[in-house]
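Here's the structure we're looking at; comments come further down.
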Amino acid sequence: MHQTNRSVSFAAPVLACVAIVAAALLAGCGGSGGGTSTGTANVMLADSPSCGYDHVYVTPDHIEISSDGNSWTTIPVNSGVGRIDLLNLNNGTLISLGQTPLTAGTYEQVRLVLAANGNSPPWANSVVLTGTIAEIALKTPSGQQSGYKIVGPFTVPAGSMADLVLDFNACKSIVVAGASGQYLLKPVVTAIAELVAGKISGTTAPGSHVYAEQQANAGPVIVTGAVADPTTGAFTLWPLQQSITAGPVDVVIVPPPPASGSSGPGTYIVQDVPVSAGSTTSLGTLSPLAAAQIYAASGTVTVAGSAGAANLTVDQMVTSTSVTPSMRTYEVASEETTTGTYSFPLAASGPWVGMYSTSTISFNSGLATPGPGIYSITATDAAGASLTQSANVSSGPASVDFSF
């Protein structure tokens, strides 16, 4: 891959959370010249909810695509695209980045190249922390040359259409660089051929964070996420790989919490939701269930004797005899801290768990393991070291500190 002094390349496999999304559309069209059939690549961008940020800005410079990892075709970005706030691209909203003719055939890798930051704001690539207005420049490591890994090869046939969706997770892609106060962009991205992708939609409490999650050996994986419309509560989870290839997903709904110490809806989960290529699985209206007492799990993060930066995630385990595996762990919250302090509002009861059904979905409680209101909090510092501790808010607030 080529690289100039005005741009930096980033790429990475797999997506994880609330996290924020990019989509690429590759459309094949008829045509031939000199015996070579061609198609057209039309690249689009989207995003999912982020943790701890009011804005996440990126400025695409160009896209590259390869069939073998050695030879790359450049797709220029449309002149009017400019700087994009990824957090505006939610619930299936897309933005077109550009188009270029593409030889029909099978492709393996995609790279997105960002414009470099200048010497002063507004930065090409930056974040604005929640509740603030100042932009913080994102550092984009130029040494990352791996490219996005596509979920299986995808083919652009002559005279027909083949779509590719890149899913960008901003929450998992931004790393706080310890005491330096810098923010690093290390993108976590998946790519799914539209031919095998589908959607899940529904309506829930406005402003809820909604995640499609799957189980993995290292813990729960957030495939994609969305924030339910603040007025209607409608949400769309997309892109999702079809179940016949990747298996079903579990939909985790975390309603917006009230103030700590008061009552509000807790987390509820719909297990084994199928995904069909080219179609939408509807969950209908999922109203918040019985109210739960909400308490804060809070504490400090210390690195080398002083306040430290860390990424924090909160998981909860549930058991059920109606799914395989019978014990599953779900990520229900995440945030980043640079001040050394954190706080999560968590439900003292629940979660409520139901199996997917085309009719009424019945929910059960009392499935939390080792018990309701007990969570695992994991803190990961800038060096990648992780510490995990239990937080019990079943009867009141919990204090959990981390020291690296």
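Computed from the coordinates by the stated procedures, all read-outs in this text should not be read as laboratory data. Computed from a predicted structure; not experimentally measured. So basically every Cβ, Gly included, is an ideal-geometry build from the backbone, and we count neighbours across all protein chains shown.
With a cut-off of 13 Å, note down the residues of the range 359-389 whose backbone N falls inside the zone around a label point 7 Å from the Cα of THR319 toward its beta carbon. Label zone hits: 366-372. In this structure the amide hydrogen of ALA297, modeled in the peptide plane, comes within under 5 Å of the amide hydrogens of PHE344, LEU346, ALA398, none closer than 5 places in sequence on its chain.
As a proxy for reagent exposure, ranking SER334, SER320, SER357 by other Cβ atoms within 10 Å from fewest up yields SER357, SER320, SER334. What you get for the range 197-403, charging only the Cβ of Lys and Arg (+1) and of Asp and Glu (-1), is a dipole of about 320 debye around the Cα centre.
For the pair ALA291 and SER71, a Förster radius of 51 Å applied to the C-beta separation gives a FRET efficiency near 0.30, rounded to the nearest 0.05.
Local charge for PRO76 was computed over the other residues whose Cβ lies under 11 Å away, with Lys and Arg +1 and Asp and Glu -1, and equals -2. When the P(r) of the range 324-398 is calculated, the portion above 18 Å amounts to 52% of the C-alpha pairs.
Most tightly packed first, judged by the mean number of other beta-carbon atoms within 10 Å of their residues, the peptides 60-67, 112-119, 80-87 read 60-67, 112-119, 80-87. Phi angles of the range 67-75 translate, via the Karplus equation with coefficients 6.51, -1.76, 1.60 and θ = phi - 60°, into HN-Hα couplings of 9, 9, x, 10, 9, 10, 9, 8, 10 Hz per residue; Gly and Pro are given as x. Along each principal axis, taking the top coordinate minus the bottom one, the Cα set of the range 57-112 gives 33, 24, 17 Å in descending order.
Remark on ASN364: its backbone amide H falls under 5 Å from those of VAL353, GLY354, a criterion applied only to residues 5 or more positions apart or on other chains, H modelled at 1.01 Å from N. Considered as an equivalent ellipsoid built on the Cα gyration tensor, the range 220-321 has semi-axes of 30, 20, 14 Å, the largest given first.
Computed from the alpha carbon atoms alone, the convex hull of the range 254-304 holds 155 Å³ per residue.
Phi angles of the range 262-273 translate, via the Karplus equation with coefficients 6.51, -1.76, 1.60 and θ = phi - 60°, into HN-Hα couplings of 10, 9, x, x, x, 6, 9, 10, 10, 8, 6, 7 Hz per residue; Gly and Pro are given as x. With kT/(6 pi eta Rh) evaluated at 10 °C and eta = 1.306 mPa s, and Rh the Kirkwood radius from Cα pairs, the range 197-403 diffuses with a coefficient of 91 µm²/s according to Stokes-Einstein.
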